[in-house]
1. Hey, can you grab everything whose amide H is under 5 Å from the amide H of S110? Only 5+ residues off in sequence or another chain; H modelled, so Pro and N-termini drop out.
2. Can you give me the distance in nm between label points at E152 and S288, each placed 7 Å from the Cα along the Cα-to-Cβ direction?
3. If I stretch the segment between L121 and D325 completely, what's the gain in nm (0.36 nm per residue apart, minus their alpha carbon distance), one decimal?
4. To the nearest 0.05, how large is the calculated FRET efficiency for H394 and A104 if R₀ is 45 Å and r is the Cβ-Cβ distance?
5. Check V447: other-chain or 5+ apart residues with amide H under 5 Å from its amide H, H built from backbone geometry?
6. Would you kindly state how much longer the chain becomes between E358 and K297 on full extension, computed as 0.36 nm times their sequence separation minus their alpha carbon distance, in nm to one decimal?
7. What angle do you read, to the nearest 10 degrees and between 0 and 90, between the alpha-carbon axis of helix 553-568 and the longest principal axis of the chain?
8. Could you give the size of the charge dipole of the chain about its Cα centre, using +1 on the Cβ of each K and R and -1 on the Cβ of each D and E, expressed in debye and rounded to the nearest 20?
Amino acid sequence: MQRFFGTAGQLILTSHGSSRTNMARFIFITGGVVSSLGKGLASAALGALLQARGYSVRLRKLDPYLNVDPGTMSPFEHGEVFVTDDGAETDLDLGHYERFTGVAARKTDSVSSGRIYSNVLEKERRGDYLGKTIQVIPHVTNEIKDFIAIGEDEVDFMLCEIGGTVGDIEGLPFFEAIRQFSQDKPRGQCIFMHLTLLPYIKASGELKTKPTQHSVKELRSIGLAPDILVCRSEGPIPKKEREKLALFCNVRPDSVIAAQDLSTIYDAPLAYHKEGLDQAVLDAFQISPAPKPDLAKWEDVSDRIHNAEGEVKVAIVGKYTQLEDAYKSIAEALTHGGMANRVKVKVEWVDAEVFDTEDAAPHLEGFHAILVPGGFGERGTEGKIKAAQYAREHKVPYLGICLGMQMAVIEAARNAAGIAEAGSEEFDHEAGKRRFEPVVYHLKEWVQGNHKVERKVGDDKGGTMRLGAYNAVLAEGSKVAEVYGGTQIEERHRHRYEVDIKYREKLEKAGLNFSGMSPDGRLPEIVEWSDHPWFIGVQYHPELKSKPFDPHPLFRDFVRAAKDSSRLV
Ligand code: GLN
């Protein structure tokens, strides 16, 4: 058995997974200069590299905005909402974390200022503070520190990313909290990694270090000194600039890590390893000797992406097509499906609204598969229904996710089962004035585990959907049972409306089979056309569980079907 000892001399890892005796080491990741530098990705890649060296990790995101969670934020504002097994609506960075580490995120891995303040205010109302004046320091900072420490005895490394950039007003309590946290812990148990940008000035042919210097100065003014600088740049960082950054920002030259632009995010672990990020982190914790990394998994991932044989074209017919982040996990899951089949998946975003009024065919011709993703609200839905119809009639592989499944059911009801007025209750706002026959209705009670959940019209919008992991039972002999290779599945949900089981008979008679149901048999989870090569609608979000090294079976097989149809075209 190999043993590694850290600064404090505690046993931190036994390479054969036997018991650990200490608390996690903490890596705090902050950002400076500009936003959108890929902090989430850097954190996720570092998590993967630590795992490759045999450590266990958990990643956490602290978001300074005031929404309680991103569940009520528009995808245009904030990109996709990532749902965890335990039903939290979280930031899309948690998707990166899961895709790179395979560690299922939990409710306790994502928090915002809104959540922190609402916890503090709840405690204040309850009288928990025993008459004290409630202040940012210590009450808000304590709440943040308590959150950071949840489950600290479970892993070797806890990576905590602070959203936003240093200097943001909302971020201050978080920066203060991590400063205090590192003081509360024994020396050497926390390190700070700061991600910045080195702009390249073409005219002088120089990489500029000044914005990074200022950003570090800003950090130091609030008591934080980075141990590691990760610098985004278009090209490599020359020795001169590296030394300058080290000198002015008070870090070691080998802790200045270049993060060059990559053609695929899945090269990030290998690229960061080559730059020495994981070594710099272990050095900062004075872990010696450092366990050797096993990067075979990431080499395979990278090989599959770079050495694809052929390309398939998939149309994503959705509403939030201007912002690709709105469908982040779907795009990634398609990439994973491509990797499994050794093809490149070329995604084209088709705005469903365009064929609310126009014929869908000219917009959909030439695609090897069509995917209609989740969504909310009526806008664009007639277009999505047309997309489902096109896929059914032209035998193009179709994957409908959540709203995309509901649209496929409405299409089947209207055009194959003779229910001309079929629609969703989601779009019938005016009470008493029904425009549609609700084949998709507002779900007001369901079973979770062994208790009943109930909802009313007019409930709060935040956190009240059917959220998180639920089981489904697949019909023996169905297409999905073949795809999954079994009949028991667990998938993540996020929806308020549901296909009404009372239409099952009519729809099945028309050829649309209900091939997956909730265990109590009341909620349709999956539908599939019997006389179609590949047409599946799912009420849940399979994309949330797909990994590059473990592609989701539905995406793997959907891309395989696209590959088959590309050979026919
Ligand atoms: N708006 C639909 C519902 O609430 C679909 C939700 C989704 O696609 N995530 O049921």
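Every number here is computed from the coordinates shown, using simple stated rules; none is lab data. Just so it is clear, the structure is predicted and the values come from calculations on it, not from any experiment. Cβ: placed from backbone, ideal geometry, glycine included. Neighbour counts: every protein chain shown.
1. Under 5 Å from the amide H of S110 lie the amide H atoms of K61, each far enough along the sequence or on another chain.
2. Taking the two extended label points, one gets 2.6 nm.
3. On the way: separation 204, 0.36 × 204 = 73.44 nm, distance 3.28 nm.
Full extension from L121 to D325 adds 70.2 nm.
4. Efficiency, rounded to the nearest 0.05: 0.75.
5. Here the answer is V453, since their amide H atoms fall under 5 Å of that of V447.
6. 17.3 nm
7. 60
8. Around 1280 debye, computed over the chain.
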